[in-house]
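The values are calculated or read from the model by the stated rules, or taken from the named source; none is laboratory data. Note that the structure is predicted; figures quoted are calculated from it, not measured. For neighbour counting, all protein chains shown are included, and Cβ atoms are generated from backbone atoms with ideal geometry for every residue, glycine included. For the accessible areas, the whole protein counts, side chains as well, though only heavy atoms, and no ligand, DNA or RNA atoms are used. Shrake-Rupley method; radii C 1.70, N 1.55, O 1.52, S 1.80 Å.
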Amino acid sequence: MKTGILGGTFNPIHLAHLHIAEDVRQECRLDRVLFIPAAEPPHKCVAGEVAFEHRMAMVKLAIRDYPCFQASDLELRRSGKSFSVDTLEILRQEDPGGERFFIIGLDSYHDIATWKDFARIFGLCHLVVTARPGIVTGNPLDPLPVAMHKDFCYDEASGKLRHKSGNYLIFINETHLDISSTKIRSLLAEGQSIRHLVPAEVADYIEKHGLYHAAPQTPR
């Protein structure tokens, strides 16, 4: 089983998330992509204090027409901060014979050296970094400590960098959509439409529950 892993607060999930997941699914020939909302993000608070249940419900609505996409509540089921390395370790234990493709954006990759036990991540999965077309990435190992550079070599057959574990560091140009959850929340706070930025079912859910422009309500 080749599994893509896309994490985040999904506050809310939007069309760019779906495009990125589908781009990587096709490029890496994945069997499925797991969307894993963070229950307790380690690096930032959930804007607007939107409950995990709301964010998970929106993810499920957004992906329901994509047979290869699945929602996972893994980071809610385990206690503590939602550190990526811990999530990847659990996924490895659940499917030790499978391949995992951890999907992150270029901005996140540039900050990866600040993550908990980040060096272990390369031994737990292939790391897929998505970048906008035309963005110059420079030396792909620059975000990593110099001492780690020796852990990678160029694999001529694949044209990718291979980690000593056998996993790959993969860069993919994503379909560029100028959408962010921050932008969506700002539009909602101003009373503007977001229906061109999120799936219709997600827009309906946000409106029904009064999210992002009123005090959050408990899902019923």
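Let's see how each residue does on (1) touching a strand residue (DSSP E or B) at 6+ places or on another chain (Cβ under 9 Å); (2) farther than 22 Å from D86 by Cβ:
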residue	(1), (2)
G4	yes, no
G7	yes, no
L15	no, yes
H19	no, yes
E22	yes, yes
A39	no, no
F52	yes, no
Looking at (1) open to solvent by less than 50 Å² (accessible area, probe 1.4 Å); (2) out of contact with any Cys (no Cβ under 9 Å at 6 or more places or on another chain), can you tell me which one Y168 breaks?
(1)
Could you run through the stretch 5-18 and say how many residues are open to solvent by 30 Å² or more (accessible area, probe 1.4 Å) and over 12 Å from the mean Cα position of the chain (by Cα)?
1
I need the full set of residues from the stretch 1-37 which are assigned to a loop (DSSP other than H, G, I, E, B) and touching a Cys at 6+ places or on another chain (Cβ under 8 Å), in order please.
L30, D31
Unmet requirement for E49, which otherwise passes all of (1) under 25 Å from V198 (Cα atoms); (2) surrounded by 16 or more Cβ atoms within 10 Å (Cβ to Cβ):
(2)
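Considering T175, T130, T137, which residue is among the β-branched types (V, I, T), at pLDDT below 95 and in contact with a Phe, Trp or Tyr (Cβ under 7 Å, 6 or more places away or on another chain)?
Numbers: T175 fails: in contact with a Phe, Trp or Tyr (Cβ under 7 Å, 6 or more places away or on another chain); T130 fails: in contact with a Phe, Trp or Tyr (Cβ under 7 Å, 6 or more places away or on another chain).
Every option except T137 fails the conditions.
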Go through (1) part of a loop (DSSP other than H, G, I, E, B); (2) at pLDDT 95 or above one by one and return the number of the condition L161 breaks.
(1)
Candidate set: the stretch 171-212, residues that are open to solvent by 50 Å² or more (accessible area, probe 1.4 Å) and acidic (D, E); chosen: the one nearest to V128 (Cα to Cα):
D178
